[in-house]
Each structure stands twice: as C-alpha cells, then as structure tokens.
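Written below as structure tokens is the structure these notes are about.
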C-alpha cells in the first residue's frame, strides 16, 4: 500500500511526519446516501412534531438516527458516522427535549471515541495542534470544575458539546467528501425544521403546540445563517456547489427566507458579518455574490407581502416601539451588561466560579432593585463574554481573548495562502454569536469548528498514486476544497 505523507510541522505541533493508508474518493460529489438518511431522520420527525406528536416525532428522529449510526459503527466507517451526526444537529436540537436531552453530547463523544479506536494516528494529528489541544483541555476543565462546584453533571455540559462538535469537524476535514456532505446535510435539517415550525408561532423556529412552547428563534437562525454563508462564500466550494449555480442560488434564496422569518437579530448579524467578509476578501466573486444577494432580496420582498411577512412587520414594530423599554427590546441583555461590572468588581480575578453564573445573576439582580428582567431568578447570562467574565473573571476573559486573537490571525493566514474565507467567517461568526448568547453549544461549535480548519497544517507531499484504501483527496491542501 502506498502511504501519503502529511506534514504537521507548520508551527502548530511538533509530531513530524505521520504515515496513512487510505482510499481515494470523488472530490466533486456528495454522499447521497447520507443526505437521504438525514432527510429520513429529520423530515418525518418534524412533520410529526408539527402535528402535535412531540414525543413520537422525537423518537422517530433518534431511532432511525441510532440505526444508521450503528450501521456505520459496525462497518467502521466513522467519517460517515460523524457526517450524519453533524448534519442532523439542527433537528436534534429540537427533538432532544422529548427523547434524551444530553443525547447530542453522548453521541458525539461516542463517535469520537470510536474514531480514536479505529485510527489513533488521526487523533494524534488532531492532538498535535497546540491551539486545539489548549481549547480541548480548557473546555473539559471548565465543565469539570462546574461539575465539582455545582454537584450537577449537566452544569455547563454544553461546553463539551461544543468541544466535541469542533473535534468532529476537524477530523472530518481530512475527508472532504464527508465534510461537504455534513455541511450540505445541515441545509436538509434546517429545511425540515422550517417545514415543521412555519406558521406555528410568531417567529420561525418557535412553536406553541398543545400549549407547550417548542424551540428558539436563534437556535434555528444560526444554522440557517451558516448554510447561507457556506453557499455565498468561496463560491459554494465547501458544499461542492461551485459548478451548480442554480442550486446554489436557490439555496441562498431559501436560507434568506428562513432567516427573515426567524426574526432572529443575532442570526441576522452573524449573516451580515459573514457576507461582509466574503465581499471584502473575494474581489473576483463579488459580482456573483451581489447577484445572489439581489435575487435573495427580490424573493424577500415577495415574502413580505404574505401573511408570514406581516408577522415580520409586527416584530419590527415591537422592536422600534417607543413605548417599550430598552430592557424589553434587548430581552434583558441591556441590564445584564449593566450588572456585569458589579459582579466583576466583587470577583475580579477568578469570578464566581464555573457553573455558578445563574446564581450570581439571581443574587445581583435581587440586590439591585432597578433590575426588572427576571429579578431574583437564576438566568443564564445572554452573552459569551458575560458568562466567561462572571464565572472565570479576568483570567477567563484573558484566556478567551488570546484564544480568539490567535484564531483570527491563523484564519487570516489561511485565507492568504488558500484564498478561502470560510474559516475566517467561522471565527468572526462565533465571536458575533457571543455578543447575544452564551454560544457554548453544538450549533455555535459548527462555526468554531470551521474556524479551526484555518489552523490545519498544509499538506506538502502526496504520492502520485494512492492506494485504494485511501479515503482522502489527492489535493494540495487540507481541507482540499
């Protein structure tokens, strides 16, 4: 068998050259079987949820997903396992509440464990990256300390969900066909969620079914924004749509409609930042980007004339209503930013402790009688920077700042070397998410995972002939998209 040599000494890790044996795969076609499986797991499930069958819909989603994942595990096809799991994340975020809430982190952890048993050398490449290793350790320590301080395993468990999502995307990047399939599958998932939720509430992504509130606008809006950016930036290469203008423009229009109807301001901001990056850095693609945005704008104008568009108008009227306070308009975020200096003043170095942020809000909001947003209640801080600052103090904020700055510089270098902007879009998108929500979950991990692809070492040598057992592309770069 003819091994390929991957150079991992790009100033990130010092592991030297690691040998692999793998099969060649097509670099321009998605795995249709996985996409069909994504549709089978998500579409009927969300239709059942729409009909009021919340638990049956969730059971449908997870039973078939577990069956498909079990099949891939038996075949030792871990790239397909992780691609299917990543693709279904938007739908699982809705179904998890009626099956097993921590199922996402459990399945991601299982997949990563199986991957390690199947190919420890690939994990060695992952672990050799100093920035990733730092991120993995800090995320794990953050959750573990939360567990110790609160005595509850689910306290900040979503930090591990984010860590596992980033790890999965990083590993999938060695298999471009599966990575592109996973990202394309996200489009199927958000479409299924949209069909299941549209018309069921004031905002797409939220529903009131049989008196029970389901979903969250930003939980739906963020993956929609990601699919939109994947279709716009880098000419759609990350979805293998660079030669499919009609499909690509149709996907952009669909995501634009869903994003508008979600009325998620945080998701809109993420999309605007990503589009701005694509326009600024991709001068040769600007005409295509502006044309796609023009088509999307025309579609959105038409949507605004419908009954769904009237709900969007109502949301804007509430947003700019002079009789509503800034606290109401910002859903309490304004008061949280005002409380933050008080908390930091009392616990400047270490913070109140990982996992204790909700208790801190309950205490400080009760002491400060001017606070009106859920005064005295345990509420999560509505921003990544607030949560990190409150729970870990200046030390945590410093570590987070250094981490984000390093990722920005690495993704800028990646863009300079490859002309691809998706990793840069990923890190800036993640930072934008952190302004309005904690951003510590699997959905936000999708953005951060793409950002980490910007620190992958470039592949210097590849043999002219690859073995039939080589599952990666014969391309110059990793990820070769």
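Restricting to Cα pairs below 8 Å that are 6+ residues apart, what does the relative contact order work out to for segment 4-455? Please round to a whole percent. Worked out over segment 4-455, it gives 16 percent. What nm distance separates the two modelled labels at residue 76 and residue 416, each placed 7 Å from Cα along Cα→Cβ? Once both label points are built, they end up 4.3 nm from each other.
Residue order for 213, 154, fewest other beta carbons within 10 angstrom first, comes to 213, 154. With a cut-off of 16 Å on the backbone N, the residues of segment 67-110 near the modelled label site 7 Å out from residue 212 along Cα-Cβ are 92-102.
Shape class for segment 99-248: oblate, because the ratio a/c of the largest to smallest gyration tensor axis (alpha-carbon atoms, square roots of eigenvalues) is 1.5 or more and b/c is at least a/b. Percent of C-alpha pairs per 5 Å bin in segment 160-248, short distances first: 3, 13, 18, 20, 17, 14, 9, 4, 2, 0. Taking label points 7 Å from Cα along the Cα-to-Cβ direction, residue 337 and residue 242 give a separation of 4.0 nm.
Using a/c under 1.5 as the rounded threshold, could you call segment 191-241 rounded, prolate or oblate? The axes a ≥ b ≥ c are square roots of the C-alpha gyration tensor eigenvalues, and prolate needs a/b larger than b/c, oblate otherwise. Prolate shape, in that a/c is at least 1.5 and a/b is the bigger ratio. For the listed peptides 80-88, 32-40, a ranking on the average number of other beta carbons within 10 Å per residue, highest first, reads 80-88, 32-40.
Length available on full extension from residue 33 to residue 280: 0.36 nm per residue minus the Cα-Cα distance, which gives 85.3 nm.
Which of rounded, prolate or oblate describes segment 68-169 when judged by the alpha-carbon gyration tensor and an a/c cut-off of 1.5? Because a/c hits 1.5 or more and a/b fails to exceed b/c, segment 68-169 counts as oblate. Of the residues 381, 268, the one with the fewest other Cβ atoms within 10 Å heads the list, and the complete ranking is 268, 381.
Shape analysis of segment 4-455 yields a ratio of the Cα radius of gyration to the Kirkwood radius, Rg/Rh, of 0.95.
Of the three principal axes defined by the Cα atoms of segment 236-315, the extents in descending order read 39, 24, 20 Å.
Taken together, the values in this text are just the output of simple stated rules run on the coordinates, not laboratory data. Bear in mind the structure is a predicted one, so any value in this text is a computation, not a measurement. Don't worry about glycine lacking a Cβ; one is built from the backbone with ideal geometry, like all the others, and counts go over all protein chains shown.
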